[in-house]
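Everything below concerns the one structure shown next.
Every read-out reported here was derived from the displayed coordinates using simple, explicitly stated rules and does not represent laboratory data. All values reported here derive from a predicted model rather than from experimental measurement. In this analysis, Cβ positions are derived from the backbone assuming ideal geometry, glycine residues included, and neighbour counts consider all displayed protein chains.
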Amino acid sequence: MTFTHGYADNNGLRMYYEVHGRAVPDQPPLLLIPGGGSTIGTNFSELIPLLAGQRQVIAVEEEGHGHTQPTSRPLTAENSAGDILVVLGQLSVESVDVLGFSAGGHTAIALAFARPAVVRRLIAASTFASHDAVPGGFWDGMAKATLDDMPDTYKDADRRLNPEPGHLERLFELDRRRILDFAGWSDEQLGTIAAPTLVVSADRDVVTAGQAARMASAIPGARLLIVPGGHGDYLGEQAASGGDLGTMHATVPFLLRFLGK
């Protein structure tokens, strides 16, 4: 399987990307956007081999994550969407299907808002669009969170890639502030999404099945998939799956069916 990687410079932010597999005629690449604290490896290393045999896959790491170094600017969905557009320009890619997980789902949605012509199909996985979509305890916990609350999987991955002092602390604060400062989108704004959309959530996710259904109902023509599992295990996310990939293998055919239409 072919593999390339590189960086795309957006006014000093050098976004890391990987390209897996060969271009498929009449099918745009599938763009993968990891969740908060994650790298391509921790979020998608198990999923990519299953997808790249069917589709060319482009995966990115947002500011401060993995190989993409932090800058002085805040980490926001809109900033990351701009970084991704530079990546796609560098790769001469005109359109993509997009799967964004958790906080990466915010970036996927922001990309669909910013450049509707670029996003052919959208998968918003385990993400939320408004503050009231998650329990109040989530916000209290995020406001009081410390680095000790970060999963060891994420901490270990960052320390391997970025052993310099202070990097992990910067990553944690970028992600914490990103969520706390997230303004959200109204149902009316979600109603302007033009791309065919699949909203995916687990039945024991951060977002309840009811709130996932509400989000899907606000996006014109969106489909809803609720899988048995937790926050990301159905994508093989390492912190959530703990090496049990059964739910991922059961979920992938549904994702490919949606993307292949």
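State the extension gain, in nm to one decimal, for the chain segment bounded by S45 and F138, taking 0.36 nm per residue of separation less the distance between their alpha-carbons.
Computed gain between S45 and F138 is 30.7 nm.
Quick one: Cα centre-to-centre distance for the stretch 61-94 and the stretch 193-260, in angstrom?
24 Å
Distances over 25 Å make up what percent of all Cα-Cα pairs in the stretch 1-113?
So the portion of pairs separated by more than 25 Å is 12 percent.
Can you give me the distance in nm between label points at A209 and A183, each placed 7 Å from the Cα along the Cα-to-Cβ direction?
So the two model labels end up 3.4 nm from each other.
Express the relative contact order of the stretch 3-260 as a whole percentage, based on alpha carbon pairs under 8 Å and six or more residues apart in sequence.
Details: 505 pairs, mean separation 47.6, N = 258.
About 18 percent, as a whole number.
Could you give each residue of the stretch 35-41 its phi-based ³J(HN,Hα) in whole Hz, using Karplus coefficients 6.51, -1.76, 1.60 with θ = phi - 60°, and x for Gly or Pro?
Taking θ as phi minus 60°, the curve returns x, x, x, 8, 10, 4, x Hz for the stretch 35-41.
Taking θ = phi - 60°, what integer Hz values does the Karplus form 6.51 cos²θ - 1.76 cosθ + 1.60 yield along the stretch 182-198, in sequence order, with x for Gly and Pro?
Using θ = phi - 60°, the values come out as 5, 7, x, 10, 6, 4, 5, 5, 4, x, 8, 5, 8, 6, x, 10, 10 Hz.
Given H placed 1.01 Å from N in the peptide plane, which residues other than close sequence neighbours of S130 have an amide H under 5 Å from its amide H?
W185
Which ³J(HN,Hα) values, rounded to whole Hz and listed in residue order, are derived for the stretch 22-28 from phi using the Karplus coefficients 6.51, -1.76 and 1.60 in 6.51 cos²θ - 1.76 cosθ + 1.60 with θ = phi - 60°, glycine and proline given as x?
Computed from phi, the couplings for the stretch 22-28 are 9, 4, 10, x, 6, 10, x Hz.
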